[in-house]
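Accompanying notes for the structure given below.
The values are calculated or read from the model by the stated rules, or taken from the named source; none is laboratory data. Just so you know, these numbers come straight off a predicted model, no measurement behind them. Note that each Cβ is placed from the backbone with ideal geometry, even for glycine, and that neighbours are counted across all protein chains shown. Please note that ligands, DNA and RNA were not included when accessible areas were found on the heavy atoms of the full protein model with its side chains. Shrake-Rupley method; radii C 1.70, N 1.55, O 1.52, S 1.80 Å.
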Amino acid sequence: MSNRNAFLFFLVGTLASLVLFLALTWDTHQQVDALTNADKLSDQVVAGKHVFEKKNCNECHTILGFGVYYAPDLTRAYARIGAEGIKTVVLQPEVVFKDSFRKMPNLDVTEQEADDLVAFLEWTSNIDNHDWPPQDKKFTKSADQRRLEGAGLSPGAAAFKEYCMSCHSIGGEGAASGRPSTRWAPSTTRPPSRRTSQLPPQSIRTRRCPPRTDLTEQDRQAIGEFLAKQN
Amino acid sequence: MQQTATVRAGGIGMGVRDEKLVPYASQRVAYWYFVVALALFVLQIVVGLWLAISYAFTIPQSIVDVLPFGMTRAMHTNLLVLWLLLGFMGGTYYLVPEEAEREIYSVPIAYIQLVAFVAIGVAALIGFGFGYTQGRPLLEIPTPLDFLVVAGALLFLFNVGMTVLKGKKTAILGMLLGGLVFLALLYIFGMPFYRNLTIDWFYWWWVVHLWVEGAWELVTAAILAFVLIKVTGVNRKVVEKYLYIETALFLFTGLAGTGHHYYWIGAPRTWLYVGGIFSAMEVLPIVAMVIDTFRTQREKGVVIKDKVVWTFALGTAIGHLVGAGIWGFAHTLPQVNYYTHGSQVTASHGHLAFFGAYALLNFTMFWYALPRLRGVVKFKSSTAILGFWVMSLAVLGLGVAMGVAGVLQTYIERIMGQGFMTAQAQMQFWFKVVLFFGVFILLGVLISFWHLMTARQAAEDAAETP
């Protein structure tokens, strides 16, 4: 091959790939609105993206699999731990990760910023990205099921799902896998059964849980009764 | 080891200019680029050790609140980009006068530009400490500083462009300049704020992927071609022909190969096919480069005089193949990537590829240029070779340890569906291994840095000993 032909090979090869790449880029712009539910990309979602960037979330977490691998992927965080879970974690990481071997810094997130973040993560959790990440498929499913089946639950079970399952697991369901090494929060089936079942329901306290101001005395009672029956 | 390296100006085959070690006075600007780049590399590794500690052990909340992992990680990666780019720029300023056969257009601009980049870098690093960031990995530099980066890049391109324009034009210079212009243009796509996260990542990769698997490959190919001609004295025409063929393959596979980053971001399904096919071919140009390097070595009449430079040149060819080629191929197909995406497998690939392809390339240029700039013709090569092996084997060990952690993560988290922290608990041991090898990387780089700055002229008779 002469040097002239080698140069032509270089030009043709590069241009061919470039044309294909730019054509697919155009195609991506045509389809991306539908794939990402762009109609739901509200100002609050954008505000949440600003918070996400301002607080440097992506330097520990991945989202859509990109970023840093120090902390869990956030693409489906909303499906995984819900609005309350996200807010609890970002507002009081030092409480949530008290027993964890990996900590999260308290980033001085305000209530408003936390709400914006939730909106952003709710939006990302619905991006059609061929069901990635694989480990969170069960949460997207269970989020759907929760919506469908929530009505049939007992008051205690419903309250437990809403308030506790973003940190605790039960019967293999919920945020933590139930293994001690998870060190996120103990599985609620693990406390000594006799002692728990002998306790009056109202003594089931949220002592080491993040303070829940929205938890009414009625909810607490219902959760206590529900948990007492589990052992 | 009694080997010594012989350093000759011009090189055989090029033949004629033996009179001066550094033929053009303006090549000296490269010196400070190289020294600063090396210092920043050392700093990058020190920060990296802290990151490994953060993975391997529990850091108390009180420290995490003041010195978050994310802040130090931003420093680690920005130091990487800064030192590699300064190395490329220094390499360019060293190579261009010899190729264009004239002095650099403006020496003051070259120094102003170095000071500007270092100032931007220092401001950015201090800024990260105070939470002044764009919050996007690798592109953290806040927008006002981005404009300064663009201004600095334009100064650099103007200076190099004018030198080439007024001097002799060679294929190497064309490829180098093309790569540098491409590099600068792509940076612009990383600057705006994108409302849609999917579009954000789409253009983020125009910077990151098209830099490392496009523009930087052109710069690398040009610098390697220059060093090949100088060190082996092979015919320029042959080197140029292979330069075209290799870069053609790099760009043909690399441009459409960007698709392997678009599998899971909410982009159309077409990318799974195009990204998968083209990125599977991305290993071809690297294989071609390795074959080409060995072919050059075996060419009739070629005598490798400069053993150190040649060790690093072979090292970068093989490191490129292992880190970028093989490790990249291992998880680039969508069927595999679905499980490995965003895990420590990527981190393993990143470390091996950046070191093999770009850190060693920079060291090849450092070892070619720095002794000359210091007026050293022949020096004992054993320490340099030791530095090469310590850092190369340590990076390999680190990459393998991260790879094992990544496979564990993929299996426990992605396939078994266990929690993130369950997987991390199993991976912790391997981060201790990462830390262990990290210490040896630091050692290897310090040996190389120290020797680059202090290697003395060896006695003539010692230099003759093989």
Return a yes/no flag: does segment B:48-56 have any residue that is crowded, with 18+ Cβ neighbours inside 10 Å, out of contact with any Gly (no Cβ under 9 Å at 6 or more places or on another chain) and within 8 Å of chain A (Cβ to nearest Cβ).
yes
So A:G67 ticks every box in (1) farther than 23 Å from B:G127 by Cβ; (2) in contact with a His (Cβ under 8 Å, 6 or more places away or on another chain); (3) at the interface with chain B (Cβ under 8 Å from one of its Cβ atoms) but one. Which box is left unticked?
(1)
By residue number, the members of segment A:8-30 that are under 10 Å from B:I245 (Cα atoms) and either modelled with pLDDT of 95 or more or buried (at least 19 other Cβ atoms within 10 Å of the Cβ) (or both) are A:F10, A:G13
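Per-residue answers, yes or no, for (1) under 25 Å from A:K54 (Cα atoms); (2) without any contact (Cβ under 8 Å) to a residue 24 or more places away in the chain; (3) open to solvent by less than 40 Å² (accessible area, probe 1.4 Å):
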| residue | (1), (2), (3) |
| --- | --- |
| B:Q134 | yes, yes, yes |
| B:L138 | yes, no, no |
| B:P142 | yes, yes, yes |
| B:D146 | yes, no, yes |
| B:A153 | no, no, yes |
| B:F156 | no, no, yes |
Do you know which residues across segment A:13-24 are among the β-branched types (V, I, T) and facing chain B (nearest Cβ under 8 Å)?
A:T14
Criterion first (touching a helix residue (DSSP H, G or I) at 6+ places or on another chain (Cβ under 8 Å), more than 13 Å from chain A (Cβ to nearest Cβ) and open to solvent by 30 Å² or more (accessible area, probe 1.4 Å)) does B:K166 satisfy it?
yes
Counting residues that are more than 14 Å from every other protein chain (Cβ to nearest Cβ) and closer than 30 Å to B:L452 by Cα, which helices (runs of 4 or more DSSP H) fully inside segment B:243-324 reach at least 2?
B:283-298, B:307-319
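Run down B:E103, B:E99 and say which single residue is open to solvent by 10 Å² or more (accessible area, probe 1.4 Å) and within 27 Å of B:A369 (Cβ to Cβ).
On the way: B:E99 fails: open to solvent by 10 Å² or more (accessible area, probe 1.4 Å).
Being open to solvent by 10 Å² or more (accessible area, probe 1.4 Å) and within 27 Å of B:A369 (Cβ to Cβ) holds for just one of B:E103, B:E99, which is B:E103.
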When you look at A:D33, is it under 17 Å from the mean Cα position of the chain (by Cα) and open to solvent by 30 Å² or more (accessible area, probe 1.4 Å), yes or no?
no
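Take A:F52 and decide whether it is within 8 Å of another protein chain (Cβ to nearest Cβ), over 26 Å from B:E140 (Cβ atoms) and part of a helix (DSSP H, G or I). Explain how you work it out, then say what you get.
Working: within 8 Å of another protein chain (Cβ to nearest Cβ): yes; over 26 Å from B:E140 (Cβ atoms): no; part of a helix (DSSP H, G or I): yes.
When the stated conditions are applied, A:F52 does not pass them.
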If we keep just the residues of segment B:246-273 that are surrounded by fewer than 22 Cβ atoms within 10 Å (Cβ to Cβ) and not charged (D, E, K, R), which is farthest from B:I172 (Cα to Cα)?
B:P268
Search result, residues across segment B:172-187 that are among the aliphatic types (A, V, I, L, M), crowded, with 16+ Cβ neighbours inside 10 Å and farther than 13 Å from B:L95 by Cβ:
B:V181, B:L183, B:A184, B:L186
For B:Y111, which of the numbered conditions (1) within 10 Å of chain A (Cβ to nearest Cβ); (2) surrounded by fewer than 17 Cβ atoms within 10 Å (Cβ to Cβ) fails to hold?
(1)
Residues located in segment A:88-119, provided they are under 12 Å from the mean Cα position of the chain (by Cα) and facing chain B (nearest Cβ under 8 Å)
none
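Within segment A:77-85, is even one residue more than 7 Å from every other protein chain (Cβ to nearest Cβ), of a type in the set (F, W, Y) and farther than 25 Å from B:Q426 by Cα? Before you say what the answer is, go through the steps one by one.
First pass over segment A:77-85, keeping only residues more than 7 Å from every other protein chain (Cβ to nearest Cβ): A:77-85.
From the residues that got through so far, the ones that are of a type in the set (F, W, Y) too are A:78.
Subsequent filtering for residues that are farther than 25 Å from B:Q426 by Cα retains A:78.
Yes, segment A:77-85 contains a residue that is more than 7 Å from every other protein chain (Cβ to nearest Cβ), of a type in the set (F, W, Y) and farther than 25 Å from B:Q426 by Cα.
Quick grid of which residues meet (1) at pLDDT below 95; (2) surrounded by 20 or more Cβ atoms within 10 Å (Cβ to Cβ); (3) touching a Pro at 6+ places or on another chain (Cβ under 8 Å):
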| residue | (1), (2), (3) |
| --- | --- |
| B:V303 | yes, no, no |
| B:D306 | yes, yes, no |
| B:W310 | yes, yes, no |
| B:A313 | yes, yes, no |
| B:A317 | yes, yes, no |
| B:N337 | no, yes, no |
| B:H341 | no, yes, yes |
Which numbered condition trips up B:E140, out of (1) within 14 Å of chain A (Cβ to nearest Cβ); (2) part of a helix (DSSP H, G or I)?
(2)
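List the helices (runs of 4 or more DSSP H) that sit entirely inside segment B:377-466 and contain at least 3 residues that are free of Cβ contacts under 8 Å to residues at least 60 places away in the same chain, open to solvent by 10 Å² or more (accessible area, probe 1.4 Å) and among the β-branched types (V, I, T).
Details: elements: B:382-409, B:420-454, B:460-464.
So the answer is B:382-409.
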Collect the residues in segment B:202-217 that are facing chain A (nearest Cβ under 10 Å) and either aliphatic (A, V, I, L, M) or open to solvent by less than 20 Å² (accessible area, probe 1.4 Å) (or both), keeping them in residue-number order.
B:F202, B:W204, B:V208, B:L210, B:G214
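Considering only residues that are under 30 Å from B:K169 (Cβ atoms) and in contact with a Leu (Cβ under 7 Å, 6 or more places away or on another chain), which ones fall in segment B:195-215? Talk me through it step by step, then tell me what you get.
Pass one, segment B:195-215, residues under 30 Å from B:K169 (Cβ atoms): B:206-207, B:209-215.
Matches in segment B:195-215: B:W206, B:V207, B:L210, B:W211, B:G214, B:A215.
For segment B:191-201, indicate whether the set of residues that are hydrophobic (A, V, I, L, M, F, W, C), away from chain A (no Cβ under 11 Å) and open to solvent by 10 Å² or more (accessible area, probe 1.4 Å) is non-empty.
Step one: filter segment B:191-201 for residues hydrophobic (A, V, I, L, M, F, W, C), giving B:191, B:193, B:197, B:199, B:201.
Okay, now just the ones that are also away from chain A (no Cβ under 11 Å), so B:191.
Okay, now just the ones that are also open to solvent by 10 Å² or more (accessible area, probe 1.4 Å), so B:191.
Checked against the condition, which is being hydrophobic (A, V, I, L, M, F, W, C), away from chain A (no Cβ under 11 Å) and open to solvent by 10 Å² or more (accessible area, probe 1.4 Å), segment B:191-201 yields at least one hit.
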